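The values are calculated or read from the model by the stated rules, or taken from the named source; none is laboratory data. Computed from a predicted model, the values in this text were never measured in an experiment. Note that we place each Cβ from the backbone using ideal geometry, even for glycine, and neighbour counts take in every protein chain shown.
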Amino acid sequence: MSQTKTTRAFRTISEAGDELDLQPHVLRFWESKFSQIKPIKRGGGRRFYRPEDIEFIRGIKKLLHDEKHSIKDVQKLIQKKGAARVVDLGRSLEKAAREKPVAETDLLPKRIKSVETSASQPRIRMPVLRPRKVDSEPAPATVPEPTPPTVATPVAPAFQPTPPPAPIAAKTAEPSHVDRLALEDALRRLQSLKVKLADFRKSV
């Protein structure tokens with residue numbers, strides 16, 4: 001049986017490229033730019049990368065590809081803070097990328113959890129309501145009470161305007177005896193005035 005390589009085993013350039021998702025020529029190029037990458041070279045020019053090399057290259061990849069730093073900026077950073085800082089960065093990335101056990105992985109959202117929790121609790125059984133039995137015997141017939149006669153309410157007649165009274169024809173009353181005497185006396189005075197007026201006109 002072939003023994004599986006652990007995380008502390010050496011890697012060939014192809015194995016390192018597969019693990020870091022990098023092409024072999026990129027690894028050779030970074031090896032020429034960063035002296036801290038020191039793979040062990042065996043016969044035939046084969047390279048074997050140490051675990052420290054893998055972690056350092058992983059940190060370099062984070063700075064160059066993800067954070068978009070230039071090679072010169074990364075070289076200055078290494079000179080200022082040391083290569084161990086980049087190794088620690090790569091080691092933390094590798095640790096974060098490890099798969100968690102299924103028991104530690106929270107795959108269910110909270111809403112589904114709440115449904116499962118409520119489903120696991122015992123359900124309260126509701127009482128079953130059954131229809132009541134109806135007696136087959138018919139109910140006794142009830143005699144309707146006599147309805148009292150309705151009395152018609154008198155309706156007041158509609159208001160009609162009273163027609164105006166007919167004009168009374170003027171009656172010519174016959175003059176009484178006193179009135180007749182007064183009229184005759186007035187007539188005589190008028191005739192007397194006419195005679196006097198005629199005499200006056202003649203004298204003028």
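Assorted remarks:
- Filtered by the rule that a residue be without any contact (Cβ under 8 Å) to a residue 40 or more places away in the chain, assigned to a loop (DSSP other than H, G, I, E, B) and crowded, with 16+ Cβ neighbours inside 10 Å, the range 7-43 gives Leu22, Ile37, Pro39.
- Filtering the range 44-95 to residues that are without any contact (Cβ under 8 Å) to a residue 40 or more places away in the chain, among the polar types (S, T, N, Q) and assigned to a helix (DSSP H, G or I) leaves Gln79, Ser92.
- Number of positions in the range 44-64 that are modelled with pLDDT under 90 and surrounded by fewer than 19 Cβ atoms within 10 Å (Cβ to Cβ): 3
- Test: residue in the range 106-117 that is loosely packed, with under 10 Cβ neighbours inside 10 Å, at pLDDT 90 or above and either among the β-branched types (Val, Ile, Thr) or over 22 Å from Phe10 (Cβ atoms) (or both): no
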